[in-house]
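What follows is one structure encoded as structure tokens, with my remarks underneath.
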Amino acid sequence: MSKESYIWNLNNPNFPEKTLLASSPLCSMAFNHKNSDIVVAGCYNGSLAYFDTRQGGADGIVRPFRTTVLEKSHHDPVYDVYWLTVGKTGNDSSSVSTDGRLHWWDYKSAEAVPTDTLLL
């Protein structure tokens, strides 16, 4: 599977605007509601990757500025991620996987581990 995912601009549909390159293929993505330059992505290996679309080189390739700890993440691919709109910071997100876990994350916390987990 390709590790590249693309962000397209509808005004220029022939070429992707940004290329997101993570350590594992991406299964899901969501733009932050408060800061649309920040993207959270759920990876095939169960981790989450955070991208800042303002970063990257002239070639348009953007690498994650933060990735969650794999041992504390999901055990299956992350099939949905969502930014939470509760609170004023806009740092909180949630993720769900077929491993039966729902994780809550704060991407600005000191450790890249879930702040809370619900076992379904």
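The values are calculated or read from the model by the stated rules, or taken from the named source; none is laboratory data. Source: prediction; values computed, not measured. In this analysis, Cβ positions are derived from the backbone assuming ideal geometry, glycine residues included, and neighbour counts consider all displayed protein chains.
Every test in (1) within 27 Å of residue 16 (Cα to Cα); (2) modelled with pLDDT of 95 or more is passed by residue 75 save one, and that test is (1).
Looking at the stretch 1-44, what strands (runs of 3 or more DSSP E) fall wholly within it and have at least 2 residues that are in contact (Cβ under 8 Å) with a residue 12 or more places away in the chain, over 20 Å from residue 84 (Cβ atoms) and of a type in the set (Ser, Thr, Tyr)? Result: 4-7. In the set 89, 85, only one residue is modelled with pLDDT under 95 and within 15 Å of residue 30 (Cα to Cα); that residue is 85. Of the residues making up the stretch 45-67, those that are polar (S, T, N, Q), closer than 16 Å to residue 113 by Cα and in a loop (DSSP other than H, G, I, E, B) number 2. Return a yes/no flag: does the stretch 50-64 have any residue that is more than 23 Å from residue 16 (Cα to Cα) and not basic (Lys, Arg). No, there is no match, as no residue in the stretch 50-64 is more than 23 Å from residue 16 (Cα to Cα) and not basic (Lys, Arg). Selection within the stretch 1-60: residues that are closer than 13 Å to residue 107 by Cβ and among the β-branched types (Val, Ile, Thr). The member of this set that is surrounded by the fewest Cβ atoms within 10 Å (Cβ to Cβ) is 38.
The C-beta contact set for the stretch 46-58 (first residue more than 30 Å from residue 101 (Cα to Cα), second residue aromatic (Phe, Trp, Tyr), distance under 8 angstrom, 6+ apart or interchain) comprises 55/65.
Would you tally the residues in the stretch 65-95 being under 22 Å from residue 3 (Cβ atoms) and either in contact (Cβ under 8 Å) with a residue 40 or more places away in the chain or in contact with a His (Cβ under 9 Å, 6 or more places away or on another chain) (or both)?
Count: 14.
Looking across the stretch 61-109, just one residue is of a type in the set (A, V, I, L, M, F, W, C), touching a Phe, Trp or Tyr at 6+ places or on another chain (Cβ under 8 Å) and loosely packed, with under 15 Cβ neighbours inside 10 Å, and that is 65. Just checking, does the stretch 75-96 include any residue being part of a strand (DSSP E or B), more than 10 Å from the chain's Cα centre (by Cα) and of a type in the set (Asp, Glu)? So far as the stretch 75-96 goes, yes, one or more of its residues are part of a strand (DSSP E or B), more than 10 Å from the chain's Cα centre (by Cα) and of a type in the set (Asp, Glu).
Do the conditions hold for residue 103, that is, is it in a loop (DSSP other than H, G, I, E, B), modelled with pLDDT of 95 or more, in contact with a His (Cβ under 8 Å, 6 or more places away or on another chain) and within 20 Å of residue 119 (Cα to Cα)? Criteria not met by residue 103.
Residue-wise test of (1) in contact with a Gly (Cβ under 8 Å, 6 or more places away or on another chain); (2) among the aliphatic types (A, V, I, L, M).
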{"residue": "12", "(1), (2)": "no, no"}
{"residue": "44", "(1), (2)": "no, no"}
{"residue": "63", "(1), (2)": "yes, no"}
{"residue": "86", "(1), (2)": "no, yes"}
{"residue": "109", "(1), (2)": "no, no"}
